[in-house]
Amino acid sequence: MKILVTGGAGFIGSHFVDRLIEDGHQVVIVDNLSTGKKENINLKAKFYQIDISDAELLDISTFEEEEQPEQPEEIVPVSEMTATQLRSKIQEIMSQLQILMTELVKLKGETSFANIPSDFSFSHNLQIGMSGVDIKYLQILLNSDLETRLTNLGVGSSGQETSFFGSLTKSAVTKFQEKYANEILIPYGISNGNGFVGENTRAKLNSLLTN
């Protein structure tokens, strides 16, 4: 059973989560960390740092997954996998295939953004917390480059882009800005990206779309 626990990073909530996971449930934790602590969070649970008093953030289905510390992967032979595990493995292979196909296109000197309309351009500034189709196109473009992709697997990875500008998107934009620092950052006299898609960042994104 999938169970949502609010306040799951607190002392009592975290123990409740531990018990649910021990009983075999899938747990999603929502906590704004005002009193809770990240170290209390069970690593087998999905965690969203959200304030549930903010009505605009109540639908967590559009959120990118909070990055969790990597856990050692248990290798299960295909012949012993459950249907759920097989579907997950297929999804993982498809994501990796998409990445490899993108790299092949780059090696051929071509640029391909098949899911972005040919007449699209980034016309306004973008930042964390925003949502819309232009965010999805931004993620597609960022995921086309191994150096700026959001994540390798799961929500936000190549082929699983979302329309929400969350922490993964901000981190990827920062990497993009620093990769093209001479065109985006240096004109402002700075060297570190901030994840905000402003005029110079938009100009570089649009130049990649038209090349």
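The values are calculated or read from the model by the stated rules, or taken from the named source; none is laboratory data. This one's a predicted model, so the numbers in the text were calculated from it and none came from an experiment. These accessible areas exclude ligands, DNA and RNA; they are computed on the full protein's heavy atoms, side chains included. Shrake-Rupley method; radii C 1.70, N 1.55, O 1.52, S 1.80 Å.
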How much accessible area does Met94 have with a 1.4 Å probe, in Å² rounded to the nearest 10?
110
In this structure, among Lys2/Lys204; Lys89/Lys204; Lys89/Lys170; Lys44/Lys204; Lys44/Lys136, pairs with alpha-carbon gaps over 32 Å are Lys2/Lys204; Lys89/Lys204; Lys44/Lys204
Protein-only accessible surface order, largest first, of Ser167, Ser207 at 1.4 Å:
Ser167, Ser207
Let me check something: with ligands and nucleic acids excluded, how do Tyr188, Tyr48 order by accessible area (1.4 Å probe), largest to smallest?
Tyr188, Tyr48
Per residue, how much accessible area does the range 143-211 have with a 1.4 Å probe, in Å²?
45
